[in-house]
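Read through the structure below, which is laid out as structure tokens, and then see the notes.
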Amino acid sequence: MKALRILFFGFLFAGILVACTGFGSEVSTRKYVLTSGFEDGNLVFLGVGGDINGMVNPTLRANPGETITVMLVNSGEGEHDVSLPELKIKTRRVTENGESVSVTFTVPNEEVDLEYYDSVANHAEIGMVGVLQVSGAVVSEQAVEEVSLYVDEVATQAFKKGGCGACHVIPGVSGAVGTIGPDLSEMGKVADARVQSREYTGSAKTADEYLSEALTDPNAFVSPGCPSGPCQGGLMPTFSGTLSDQEIQAVTKYLASLPDGAIAVPADTSAEPDESVVAVGAGPELADEDFAWAKQAYFERCAGCHGTLRKGATGPALTPDLTQSKGTVALSAIIFKGTTRGMPDWGTQGFFTQEQAEIMAKFLQNEPPAPPELSLQQMTDAWQLITPVEQRPTGPQTTRDWQNYFIVTLRDAGQVAIIDGDTYEIVNTVDSGYAVHITRMSASGRYAYVIGRDGRLALIDLWMERPEVVARVQTCYDARSVEVSKYEGPEGDFRDKYAITGCYWPPHFAILDGQTLEPMKVVSSRSYTFDSGEYHPEPRVASILASHYKPEWIVNIKETGQVWIVNYTDPLNPSIQMINAALFLHDGGLDSTHRYFLVAANQSNKIAVVDLKEGNLAGLVDVGAVPHPGRGANWIDPEFGPVWSTPHLGEASIISVGTDPEGHAANAWENVRITPLPGSGSLFIKTHPNSQWIWVDMTLNSDPALARTICVIAKADPSKTYKCWEVGTYGRAVHFEYNKDGTEVWVSLWGDAAKPGETGEIVIYDDATLEEKARIPDLITPTGKFSVFNTVNDIY
Ligand code: DHE
């Protein structure tokens, strides 16, 4: 295969040599070949062949008085030259892909360091600059196998230009360690086998044609072999417009040569990049208005998974040292099309245009802007007590069964609807924070606490005839969780006394007066990772749960992997017990006895179990890819006894963990059962002690039909799904909630706020028969629904 490549590029090189200038009559004893390229988002010179092969802005060496040749080959990234100002040398510009120029000259007869650079535009400023070192220590000749090395160079540069390493493992290409698409290490062999296989749907007859087709018409055949299962159609972009014909041919030839023709990666650019030494250049330029748009869109769509400082958690880290090598093309394809591992397809869903996906891709290659902090005083200054406690009702003013209210998130309206669970009437709709996330109830059930992603918290009094917001506060700029004090026992009665908010940014939690929301205390979660003890500047506060056992909150610190047990008996001086658990703690719930708290460490593929009575880690359970339980589901497995279940974002299954260390000791904190689902992308699962079913969604599946499909599993036969069906004809089915007596299940159909008739609705099912009972139509993007009674009592 190597020979083939040499033949192919022999033609090209004939052209290059004809184009060379400057050899003149001098006899050169040393030749260096440079090409233009990108490294970490910067334009650079790359060494080709010999000792400098693959090196960025290589140091060229010569003996004093030696005559050497420097050749520059344009790899397609604009116009370039080579200048050595001290020697008054400046080559002509190479403007076309593959065009070359060379210059032969005699270096000074003394030891000296001479700068060489590209004098075109600001290329030197942004990275194309190196040193020619004249020193008596250089003796050996620099032999350049020009032809074959240049072939590889075109291919590796094209891989970088296309950002292929963001999704694929590509031997010989530094930093190409992506796990979204197939591993290309043996692509030559694979392509040979594919064209002959029955499953192949494209029109190629040879391996080369197959590879070329994969680059120019990737949907002709979608590979079954991605790391997390079959690859997703439509994700791989076409490179027809991005790479030149010559580059596509080089890439094709290189891939066809694998595994035997793999280039050895130079020692200083190993395939597993050492993050501590990766140089970060300036990211691609963005106009001010594009930067401002991307900053806001990142906060709204991306920060939740990737972090405000982009250090990663539910989604991977997106700091420039990692994104620049992926490049704009690959990043925008991922942003637009999503991945099977849970990254939403923002473009296909209509949230970003292709152009906006590119702007976001460029934004991600720049340093994240520093977000502001928020002090207790600032929280207090903005706090609003709308109806003081003494002006509120002293008993329920309504004749409705307010404990059977559902507080329904209307996500994109920034509101919640309070819906009567008996009559399905909307009792009131109130404004809350931007993109409302969750609601929790006070221990008596009287108050609902609604938190938006923007950290705005609204307190609603459900005793009012028409429930209204009685207080507001903002304790974060980016938040996901709120909880209340629920304990009543020998240590005191703390019901309805305090509230706590958990913030993504700034990374802290805040303790508030439960009846007025007056800020009382703020505690930073910035700390050190539990395992390696590394400082983390942004450990976000994920789920928070109130213990029924003690006056304590269970506060999950995502990036440091610790569960903090916060005792609130003295909220101004709270004591915190730190329990080491697992990195990337996210969402979770209690077991049926309320003694144990089970929390998903989502990117660690684990469930951590905390014993709230003993205050220690009871277990750590290995589960599938990216578990996402919501609060999970508690039920009795016919074979394994009491279990708690979670579905996954990253794989098509539910797993069940044994939760009864006394009655079923052998199963306790073990992954005892896997129930397959028709697709991945699940967000929520739910059941009720009175129900024979477990309900599960697949909200983030990239197949629109599966995204609006829900399934039920019979507790009597949990080895498979009992029934799956589409909840509607548009949108995504998400989140379940039971009514107070456990006879009905409410499911949200999450639509598009901009499409009248398809904005969203709630679909209500009879839990016994699974028959649809009613729909509450024309709601704006309903997502979570929280029954007052079930939320107070942690029934799920
Ligand atoms: Fe949520 C719960 C975080 C995306 C709807 N979500 C939670 C909790 C956390 C969290 C930490 C647990 C709170 C608790 O129990 O105290 N959610 C995040 C994210 O970081 C993430 C992945 C990305 C983001 O940018 O926010 C995310 N969540 C979503 C959504 O896209 C959902 C479907 C719609 C939305 O609001 O944007 C969504 N999350 C929910 C709901 C719950 C929730 C409905 C409560 C479930 C329950 O039954 O308790």
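Checked against (1) under 28 Å from residue 483 (Cβ atoms); (2) within 16 Å of the ligand (Cβ to nearest atom); (3) open to solvent by less than 20 Å² (accessible area, probe 1.4 Å), residue 767 passes all but a single condition, namely (2). Restricting the search to helices (runs of 4 or more DSSP H) fully inside the stretch 145-256 and requiring at least 2 residues that are among the aliphatic types (A, V, I, L, M) and modelled with pLDDT under 75 gives 146-162. Being in contact (Cβ under 8 Å) with a residue 24 or more places away in the chain and more than 20 Å from the chain's Cα centre (by Cα) is a description that does not apply to residue 699. Scanning the stretch 313-346 for residues that are small (Gly, Ala, Ser), in a loop (DSSP other than H, G, I, E, B) and either within 21 Å of residue 679 (Cα to Cα) or touching a residue at least 24 places away in the same chain (Cβ under 8 Å) (or both) yields 313, 315, 325, 338, 342. Examine the stretch 700-711 for a residue that is open to solvent by less than 10 Å² (accessible area, probe 1.4 Å), in contact with a helix residue (DSSP H, G or I) (Cβ under 9 Å, 6 or more places away or on another chain), within 16 Å of the ligand (Cβ to nearest atom) and more than 18 Å from residue 770 (Cα to Cα), and state whether such a residue exists. Checked against the condition, which is being open to solvent by less than 10 Å² (accessible area, probe 1.4 Å), in contact with a helix residue (DSSP H, G or I) (Cβ under 9 Å, 6 or more places away or on another chain), within 16 Å of the ligand (Cβ to nearest atom) and more than 18 Å from residue 770 (Cα to Cα), the stretch 700-711 yields no hits at all.
The residues on offer are 617, 598, 612, and the sole one that is among the aliphatic types (A, V, I, L, M), under 26 Å from residue 531 (Cα atoms) and in contact with a Lys or Arg (Cβ under 8 Å, 6 or more places away or on another chain) is 612.
Table: residues versus (1) under 24 Å from residue 519 (Cβ atoms); (2) within 16 Å of the ligand (Cβ to nearest atom); (3) open to solvent by 50 Å² or more (accessible area, probe 1.4 Å).
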position: 317; (1), (2), (3): no, yes, no
position: 346; (1), (2), (3): no, yes, no
position: 361; (1), (2), (3): no, no, no
position: 381; (1), (2), (3): yes, no, yes
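Inside the stretch 451-505, residues that are farther than 23 Å from residue 420 by Cα and among the charged types (D, E, K, R) make up a count of 12. Taking the criterion of being touching a residue at least 60 places away in the same chain (Cβ under 8 Å) and closer than 20 Å to residue 502 by Cα, the residues of the stretch 437-454 that qualify are 437, 438, 439, 440, 441, 442, 443, 447, 448, 453.
When you scan the stretch 524-540, do you find a residue that is hydrophobic (A, V, I, L, M, F, W, C) and in a strand (DSSP E or B), even just one?
Taking the stretch 524-540 first, the residues hydrophobic (A, V, I, L, M, F, W, C) are 530.
The next check asks that each one be in a strand (DSSP E or B); those that pass are none.
Among the residues of the stretch 524-540, not one is hydrophobic (A, V, I, L, M, F, W, C) and in a strand (DSSP E or B), which makes the answer no.
Among residues that are within 15 Å of the ligand (Cβ to nearest atom) and within 15 Å of residue 637 (Cβ to Cβ), residue 694 is included.
Within the stretch 399-412, is even one residue more than 30 Å from residue 749 (Cβ to Cβ) and not in a helix (DSSP H, G or I)? Yes, the stretch 399-412 contains at least one residue that is more than 30 Å from residue 749 (Cβ to Cβ) and not in a helix (DSSP H, G or I). The sole residue among 550, 558 that is open to solvent by 20 Å² or more (accessible area, probe 1.4 Å) and either modelled with pLDDT of 95 or more or under 19 Å from the mean Cα position of the chain (by Cα) (or both) is 550. Within the stretch 591-629, restricting attention to residues that are closer than 18 Å to residue 555 by Cβ and within 11 Å of the ligand (Cβ to nearest atom), the residue that is surrounded by the fewest Cβ atoms within 10 Å (Cβ to Cβ) is 597. Of all the numbered requirements in (1) surrounded by fewer than 20 Cβ atoms within 10 Å (Cβ to Cβ); (2) under 30 Å from residue 731 (Cα atoms), residue 696 misses one, and that requirement is (1). Taken over the stretch 483-496, the criterion of being free of Cβ contacts under 8 Å to residues at least 24 places away in the same chain and among the charged types (D, E, K, R) is satisfied by 493 alone. Of the residues examined, residue 541 is not one that is on the phi > 0 side of the Ramachandran plot, open to solvent by less than 30 Å² (accessible area, probe 1.4 Å) and within 15 Å of the ligand (Cβ to nearest atom).
The selection criterion, being within 16 Å of the ligand (Cβ to nearest atom) and aliphatic (A, V, I, L, M), holds for residue 633. Tell me which of these residue 583 doesn't satisfy, since it passes every other one: (1) open to solvent by less than 10 Å² (accessible area, probe 1.4 Å); (2) within 15 Å of the ligand (Cβ to nearest atom). Residue 583 satisfies all of (1) open to solvent by less than 10 Å² (accessible area, probe 1.4 Å); (2) within 15 Å of the ligand (Cβ to nearest atom) except (1).
Of all residues in the stretch 779-792, none are surrounded by fewer than 21 Cβ atoms within 10 Å (Cβ to Cβ), free of Cβ contacts under 8 Å to residues at least 60 places away in the same chain and over 22 Å from residue 650 (Cβ atoms). Looking across the stretch 194-252, the residues that are within 23 Å of residue 263 (Cα to Cα), in contact (Cβ under 8 Å) with a residue 60 or more places away in the chain and open to solvent by less than 40 Å² (accessible area, probe 1.4 Å) come down to 239, 243, 244, 246, 247, 248, 250, 251. For the stretch 644-672, a residue qualifies if it is open to solvent by less than 30 Å² (accessible area, probe 1.4 Å), in contact with a helix residue (DSSP H, G or I) (Cβ under 8 Å, 6 or more places away or on another chain) and farther than 15 Å from residue 718 by Cβ, and exactly one does: 649. The residues of the stretch 561-591 that are over 32 Å from the mean Cα position of the chain (by Cα) and part of a loop (DSSP other than H, G, I, E, B), listed by number, are 568, 569, 570, 571, 572, 573, 574.
Residue 641 meets the conditions (1) of a type outside the set (Asp, Glu); (2) more than 16 Å from the ligand (Cβ to nearest atom); (3) open to solvent by 10 Å² or more (accessible area, probe 1.4 Å) in every case but one. The failed one is (3). Within the stretch 469-482, residues that are closer than 19 Å to residue 373 by Cα and open to solvent by less than 10 Å² (accessible area, probe 1.4 Å) reach partners that are part of a strand (DSSP E or B) and small (Gly, Ala, Ser) with beta carbons closer than 7 Å, at six or more positions or on different chains, in the pairs 475/510; 479/502; 481/502; 481/542; 481/543. Kindly provide the set of residues from the stretch 420-458 that are away from the ligand (no atom under 11 Å from the Cβ), surrounded by fewer than 24 Cβ atoms within 10 Å (Cβ to Cβ) and part of a strand (DSSP E or B), ordered by number. Hits for the stretch 420-458 are 420, 426, 427, 428, 429, 430, 431, 456. On the given criteria, is residue 488 more than 14 Å from the ligand (Cβ to nearest atom), of a type in the set (D, E, K, R) and more than 36 Å from the chain's Cα centre (by Cα)? Spelling it out, residue 488 is indeed more than 14 Å from the ligand (Cβ to nearest atom), of a type in the set (D, E, K, R) and more than 36 Å from the chain's Cα centre (by Cα).
Before we move on, is residue 43 surrounded by 22 or more Cβ atoms within 10 Å (Cβ to Cβ), modelled with pLDDT of 80 or more and farther than 28 Å from residue 367 by Cα? Considered against the rule, which asks whether it is surrounded by 22 or more Cβ atoms within 10 Å (Cβ to Cβ), modelled with pLDDT of 80 or more and farther than 28 Å from residue 367 by Cα, residue 43 comes out as no.
The values are calculated or read from the model by the stated rules, or taken from the named source; none is laboratory data. Here the structure is a predicted model, which means the values were calculated and not measured. Note that each Cβ is placed from the backbone with ideal geometry, even for glycine, and that neighbours are counted across all protein chains shown. Just the protein is used for accessible areas: all its heavy atoms, side chains included, with ligands, DNA and RNA removed. Shrake-Rupley method; radii C 1.70, N 1.55, O 1.52, S 1.80 Å.
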